[in-house]
Amino acid sequence: MSLALLLAACSSDGPAAAPSTGGASAAPVATEGSTLAIVRQRGVLRVGVNDQLPGFGYIRPDGAFAGFDIDFGRALGAAIFGDATKVQFVSVSASSRFGALSAGEIDVLIRNTTWSLSRDSSLRLTFAVPTFYDGQGVMVRASDGINSLDDLDGAVVCALTGTTTQLNQEDRFAGTGVRYQPLVFDRNETLQEAFIAGRCDAWTSDKSQLAARRAAFPVRAGGPQSLVILPDTLSKEPLAPLVRDDDPAWADLVNWVVLGMLAADELGVTSTNVEQMAESPPSQEVARLLGVPVQGTVFNPGLGVATDFMRAVIRQVGNYDEVYQRNVAPLGIPRAGTLNASWLDGGLMYAPPYR
Amino acid sequence: MLTDARRLSRDVRVRRATLEALTVALTVAFVFYLVHQARQASSLDLGFLSDRAGFGVGDQFLTNVSGNDSRWAVYFAGIMNTIRITVFGMILAVIIGLVVGIARLSSNWLASRLALLFVEAIRNTPLLPFVVFWYTALVLQLPHIRDSLSLFGVGYASNRAIALPWARPLDGAGTWAVVALGAFAVAAGVWMFLHRYEASTGQPSRPWRVSLALLAVLAGGSYVAMGMPLRWDTPQVERFSYAGGLQLSPEFVGLLLALSFFNGAFVAEIVRGAIQSVPKGEREAAAALGLSGWQQMSLVVLPQALRAMLPPLATQCQALAKYSAVAIAIAFPDLMTVGGTIINNSGEAITMFIVMMLTYLLLNLLIALLLNGPQWRFQRGGKRRI
């Protein structure tokens, strides 16, 4: 281990894109004392996550963590260790999450956290690229005949306290001249009871949250199919992983694992065809992404991890679309037509060139 | 030297002074530490309360604020809601407490056992689940607004609101209100005069009948003469809400009922204790004079029990004001709910919590002032009579 670190320390000064003729796993590059070196030494990556948001970060009945955010944590584990199971998930609350990251309890925070200016500037943390473009939405009963925000004039809108949703709501409704009555609860259970009883006509929160609540809506009250999430989006809530801002190389790695999964999606590389594509890459881009030699040389990503780290990520976790379809689509939020679609399909998901 | 020091250390006055100095020093140090910590974490600047609120209050009492008003204005609407729940909650709690407290001492076995069950069941239940139960299991189970219950054709009840007919003021209502107030003052003066006259001469002069008739004639006459400036406004069912009339939100009704019954149980115990504190001989003497059971209670026992009741009632009222902070659990926009939203939007947690605590402190001092005022009067009166 110390030899590897020594080697790592020496070669980190070398040119970033130094050609390497090594096979699948080139010598890992990591500066001593860097986050990557600490994680390697520990042998396990610590990821701060949510444990109660179905679809994004939750604990399955068998006790294992699962969800969209969880899969990005596993992808990071696969990138660093070549093994997606070398990840320890740490449940952090909405209020303790930033402190846990600052204090070094966790190496990266992937917990449906909105990227905003004040968080970015004031917390000494830095945001990676968004994994999910969320936004505040409104959920109504399908039987009420409400099709857009304009139909909500005079309606009672329930929200949870502790979020900025109330502000967004006020700004948006004031802009359209629609009157509404706010009803602010501090507990989700009471809010749901009030909604079921018909006390409020609409339920507002982040769309991902609404979708999760809709999926778990009790059958006695009509089940998920009795609810509709309106197409209107009242605010921008880009959810992104967070790292400390003292280690830009670590931020680069987190960024490029996400971007690599997006690139794989654009190139059509999936967990089922990744080995076949590695055998005979259809293009130079695919070869670079999977760390396969092109004309005898292997492209070195220069991130301090194995040159073929994306091959492990895709084989063990999948590309962006697979992660989305596995976790978010079952909640009733299809990817097509939303901001989370690939830029090729009119969405915002875009990977810079992998070269 | 040594014996001097020993003598000093054994001197009671020296020991007392040392202890007092130590207490003062520790208290001052603790307060300084608290202020220092608060200043470390927050600027303690109230400027953020002048910013635009950005959120409205759904259920308001005597205020009319919107998201475009300042945070101060929205917070004030929250304070008014806390005052509303405290005042009406206390009135109901006293009524419930009087009935249950008297029933508890009743010779009727069923009445006293039921009262005991009520008091013990409530006193041994925490408030929060009690409030959430009243709201979700009772008030929210009212029908949907589409299937509103009709209240004798003039009002409606659903889990959207309880809508009652209400007098809506037209032009000239303010002037008439002043006239009516004057009529009330005149009637009260006549009542006092006749009451004293009756007490001093023994001549039956019917103070109640005369003063009420006077009030009806003066207020009713001026009402008709001024062109009936109040209109009876009955609510109408709309798609999402009711229009017109007096509307009570389910959150207000749920919290009001829960707090009234909860505090009513404690008031019942206060009433019971106060009644039992009146010497048995008083009641026996009243019975010997031939007063009925109700007359013994209302003319002899209760007036004396009232003196013993007032100080604990004032304390209970202050408790109710503080208990009302559970409003946030059922979305009633009291000062804690509104203050909480201001904290979320501004991030000024420490400053806002200090403001909220000071508000409760001021409200409770006000309650003490209002309820302890009559208490002194009663006690002096009591002493004079004895």
Could you give the DSSP H helices of chain B that reach 18 angstrom or more along their long axis (alpha carbon positions) and whose average Kyte-Doolittle hydropathy is no lower than 0.0? B:12-41, B:71-104, B:109-123, B:173-201, B:207-225, B:250-277, B:302-323, B:349-385
Taking the C-alpha atoms of segment A:54-163, how large are the radius of gyration and the largest Cα-Cα span, Dmax, in Å? 18.0, 56
Per residue Cα convex hull volume for segment A:136-235, in cubic angstrom? 84
Once the protein assembly as shown is represented by equal point scatterers at the alpha-carbon sites, with solvent omitted, what log10 I(q)/I(0) does the Debye formula produce at q = 0.04, 0.07, 0.10, 0.11 Å⁻¹? -0.28, -0.72, -1.12, -1.25
222 nm mean residue ellipticity, helices alone, for chain B (DSSP H n ≥ 4; -39,500 (n - 2.57); rounded to 500): -22500 deg cm²/dmol
Anyone know which of B:P207, B:P312, B:P333 comes out most mobile in the 10 Å Cα GNM of chain B? B:P207
Only bridges with both residues in chain A count here: give the DSSP antiparallel percent, nearest 5. 60
Would you report the distance distribution of C-alpha pairs in chain B as whole percents per 20 angstrom bin, up to the bin with the largest distance? 18, 45, 29, 6, 1
Taking alpha-carbon centroids only, segment A:230-272 lies from segment A:36-89 a number of Å equal to 15
CD proxy at 222 nm, helix term only [per DSSP H run n ≥ 4: -39500 (n - 2.57); per residue of chain A; nearest 500]: -10000 deg cm²/dmol
I want the local charge near A:W250. Using Cβ-Cβ distances under 15 Å, sum +1 for each Lys or Arg and -1 for each Asp or Glu among the other residues. -1
Longest site-free stretch - chain A; sites: GluC sites (Glu not before Pro), DSSP loop, at most 16 other Cβ within 10 Å: A:106-355
Relative exposure of B:C317, A:C200, judged by other C-beta atoms within 10 Å (fewest first): B:C317, A:C200
Using eta = 1.567 mPa s and T = 4 °C, Stokes-Einstein with Kirkwood Rh from Cα pairs puts D for segment B:192-291, in µm² s⁻¹, at 65
DSSP bridge pairs, the protein assembly as shown: antiparallel proportion in percent, nearest 5: 70
Over chain A, with a single point scatterer placed on each C-alpha, what log10 of the ratio I(q)/I(0) does the Debye formula yield at q = 0.07, 0.13 1/Å? -0.34, -1.01
Rg and Dmax of segment B:107-231, using alpha carbons, in Å: what are they? 23.6, 63
How big is segment B:232-295 by Rg and Dmax over its Cα atoms, in Å? 22.2, 64
When averaged across all projection directions, what area in nm² does the alpha-carbon convex hull of segment B:2-41 cover? 3.3
Roughly speaking, what is the centre-to-centre gap between segment A:298-355 and segment B:146-196 when only Cα atoms are used, to the nearest Å? 67
Can you pull the mean other chain C-beta count within 10 Å for peptide B:329-341? 4
In Å, the Kirkwood estimate of hydrodynamic radius for segment A:220-355 over Cα pairs equals 16.8
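Read-outs throughout are calculated quantities, based only on the coordinates presented, and are distinct from any laboratory measurement. Predicted model, so just to flag it, every value in this text is computed and none were measured. So basically every Cβ, Gly included, is an ideal-geometry build from the backbone, and we count neighbours across all protein chains shown.
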